[in-house]
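**Q** Below are the structure tokens for one structure; questions will follow.
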Amino acid sequence: VAAGVQAALVAPQAHLRLAAAQPLIEAKIPVCVDKQLAPDYARAKQILDLVVQHDAPLMAGSGLLWSLCFRDIFTTVREGKIGTPLFAECFMPHGTRAGYWQDLKSASGGLVVNFGIHAVDPLLAVLGHEVKSVHAFAAKQALPDLDSEDTVVITVQTAAGGIGVGKI
């Protein structure tokens, strides 16, 4: 790790994030890992175990929430200009193709893991972050050559009662 590094953004392909984040975590450098943390539970747990072992700061999430169009919506909601949201829907087209790393389950975790955050993050930003339940349904319907699913619907219910539907 280069001297003087104060913080780092780790955003390579998902299956490479553990190797990229490990030396930074071991050096206790604050790390932001782009969504998703890892393509599978085992690698995500390895990253989190390193964070605990080295008492290192870590943040993971989608940068999409910081885009101006989303920020304007979230500000309007937070300021109470439209009342309390009861239902929200978010559609995020994926545009993946067969053989691309984002299609390969071994590299990305598949469509739910890789793109799901893009639909769920905005829903929670509007409805509230305390989640009561989550359900995901995925299928191959239109692109039979994909390794991953091509159609996903995710439903969330927040503790405040809001219901969200994310479609990919």
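The values are calculated or read from the model by the stated rules, or taken from the named source; none is laboratory data. Keep in mind that what you see is a predicted model, and the values were worked out from it rather than measured. In this analysis, Cβ positions are derived from the backbone assuming ideal geometry, glycine residues included, and neighbour counts consider all displayed protein chains. Surface areas here come from the heavy atoms of the whole protein model, side chains and all, with no ligands, DNA or RNA. Shrake-Rupley method; radii C 1.70, N 1.55, O 1.52, S 1.80 Å.
**Q** Answer yes or no as to whether residue 123 is assigned to a helix (DSSP H, G or I), free of Cβ contacts under 8 Å to residues at least 40 places away in the same chain, open to solvent by less than 40 Å² (accessible area, probe 1.4 Å) and in contact with an Asp or Glu (Cβ under 9 Å, 6 or more places away or on another chain).
**A** No; evaluated as a whole, the condition is false for this residue.
**Q** Quick check: is even one residue across the range 126-135 of a type in the set (A, V, I, L, M, F, W, C), at pLDDT 95 or above and closer than 25 Å to residue 42 by Cβ?
**A** Yes, the range 126-135 contains at least one residue that is of a type in the set (A, V, I, L, M, F, W, C), at pLDDT 95 or above and closer than 25 Å to residue 42 by Cβ.
**Q** What pairs come out if I take residues in the range 93-105 that are among the aliphatic types (A, V, I, L, M) and pair them with residues that are open to solvent by less than 60 Å² (accessible area, probe 1.4 Å) whose C-beta lies under 7 Å away, six or more apart or interchain?
**A** Cβ pairs passing all conditions: 98/146.
**Q** Output the residues belonging to the range 129-151 that are in contact with a helix residue (DSSP H, G or I) (Cβ under 7 Å, 6 or more places away or on another chain) and of a type in the set (Ser, Thr, Tyr).
**A** If the condition is that a residue be in contact with a helix residue (DSSP H, G or I) (Cβ under 7 Å, 6 or more places away or on another chain) and of a type in the set (Ser, Thr, Tyr), then 148 is the only one that fits.
**Q** I've got another one for you. Going residue by residue through the range 60-79, is there one that turns out to be in contact with an Asp or Glu (Cβ under 8 Å, 6 or more places away or on another chain) and modelled with pLDDT of 90 or more?
**A** no
**Q** Also, I was wondering about something else. Here are 44, 88: which of them is within 28 Å of residue 146 (Cβ to Cβ), out of contact with any Asp or Glu (no Cβ under 7 Å at 6 or more places or on another chain), part of a helix (DSSP H, G or I) and open to solvent by less than 80 Å² (accessible area, probe 1.4 Å)?
**A** 44
**Q** Can I ask one more? Just to be sure before I move on: is residue 115 at pLDDT below 90, open to solvent by less than 50 Å² (accessible area, probe 1.4 Å), among the aromatic types (Phe, Trp, Tyr) and in contact with a Pro (Cβ under 8 Å, 6 or more places away or on another chain) in the structure I sent?
**A** no
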